[in-house]
1. Please go through the stretch 285-308 and pick out each residue that is surrounded by 12 or more Cβ atoms within 10 Å (Cβ to Cβ) and farther than 20 Å from Asp225 by Cβ.
2. Does the stretch 230-245 contain at least one residue that is in contact with a strand residue (DSSP E or B) (Cβ under 9 Å, 6 or more places away or on another chain) and basic (Lys, Arg)?
3. So, in the stretch 248-304, exactly how many residues are among the β-branched types (Val, Ile, Thr) and more than 24 Å from Asn219 (Cβ to Cβ)?
4. Tell me which residues, restricted to the stretch 241-284, are surrounded by 18 or more Cβ atoms within 10 Å (Cβ to Cβ) and part of a helix (DSSP H, G or I).
5. Check every one of the helices (runs of 4 or more DSSP H) wholly within the stretch 123-228 and list those with 3 or more residues that are among the aliphatic types (A, V, I, L, M) and touching a residue at least 12 places away in the same chain (Cβ under 8 Å).
6. In the stretch 16-70, how many residues are in a loop (DSSP other than H, G, I, E, B) and over 27 Å from Cys91 (Cβ atoms)?
7. Counting just the residues of the stretch 115-165 that are β-branched (Val, Ile, Thr) and at pLDDT 90 or above, which one comes out nearest to Ser244 (Cα to Cα)?
Amino acid sequence: MYEKGFILAINSKNNEENVMEVFDKHPDMVLKPNNFAVMKINWQNKAQNMLEIAQELNIGIDSLVFFDDSPAEIDLIKQKLPEVQTVHLSCSPIFFPRILEELDYFERLKYTKEDMTRGQMYTAQIKRSNLEKSSLDIEDFYKSLEMKATIKQDDNFSISRLSMMTQKTNQFNLTTKRYSESDIKQFIKSKDYKLFSLKLEDKFGDNGIVGLVIIRIKNQEWLIDTFLLSCRVMGRTIETSILSHIVDMAKKENARRIIGQYIATDRNIPVKNLYKDHKFESFTVNENDYWEANPDTISILNPLWIDLIVK
């Protein structure tokens, strides 16, 4: 599961030193501590641990599947966190692999490069979080990450990943439009669209492709159809890097204005003020809210702590 890109976490009522001893000394222990993005090993209730796991991973609580051999713990999670899928392991451990294989929670048609390394990425994310807590201020934290963002236009080699991101990204997704691989291919081929992917690296490792912007061009107007970022990189000012590049490109190509839209859902509230915070002006058409900016007058600078590379 780890090698397929599923995130592993421990939610255990136990003494931490006893658990770590099993990792260190059990001769048949296949998994090691670095295979787990988060480990909650304590004596507080497991529902609270689940909330903290989701918070530290920056994912929705409904993305979690909880395995336990205690019917009481399963019942607690069902009552307190009904969004979480639960699996009661009530039989002999010899049957656990079969139970895991028969579940449909983890079925995928294909796996991307990012899927294969997701476990490593989330382990690195915890290291970033620990660094943030120890930093003097937020800019000090950003600078210490040594971030390098690479923006690539019309990336034909990442179509599966880009399509998957539109299907799965909810928090940082301005319009939450879902697109198939064939849709992505058409955007890349069309002269009426521009498609930008973003890859992010830092001193802890390669985050892979974490951003996507799709722009429709009509009458020298650039309409941002899709703007999304992986939850792994939220709160790191990457969105400002992307917008700075869009403004620069629009200015070079003599666009009259850039138009963005925010379509509210119950998951994407964190990006409600994205355009407002970057000095776009609001307007309404047929009761739909939009934001606009003139590329010749608006100034969005790439953050000093991000090395922006355009390919």
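1. Selection gives Asp296, Asn302, Pro303, Trp305, Ile306, Asp307, Leu308.
2. Scanning the stretch 230-245 turns up at least one residue that is in contact with a strand residue (DSSP E or B) (Cβ under 9 Å, 6 or more places away or on another chain) and basic (Lys, Arg).
3. The number of residues fulfilling the criteria is 3.
4. Answer for the stretch 241-284, where residues must be surrounded by 18 or more Cβ atoms within 10 Å (Cβ to Cβ) and part of a helix (DSSP H, G or I): Ser241, Ile242, Leu243, Ser244, His245, Ile246, Val247, Met249, Ala250, Val271, Leu274, Tyr275.
5. Helices (runs of 4 or more DSSP H) meeting the threshold: 159-168.
6. Going through the stretch 16-70 one residue at a time, the tally reaches 5.
7. Ile151
The values are calculated or read from the model by the stated rules, or taken from the named source; none is laboratory data. Just so it is clear, the structure is predicted and the values come from calculations on it, not from any experiment. Neighbour counts run over all protein chains shown; Cβ positions are idealised from the backbone, glycine included.
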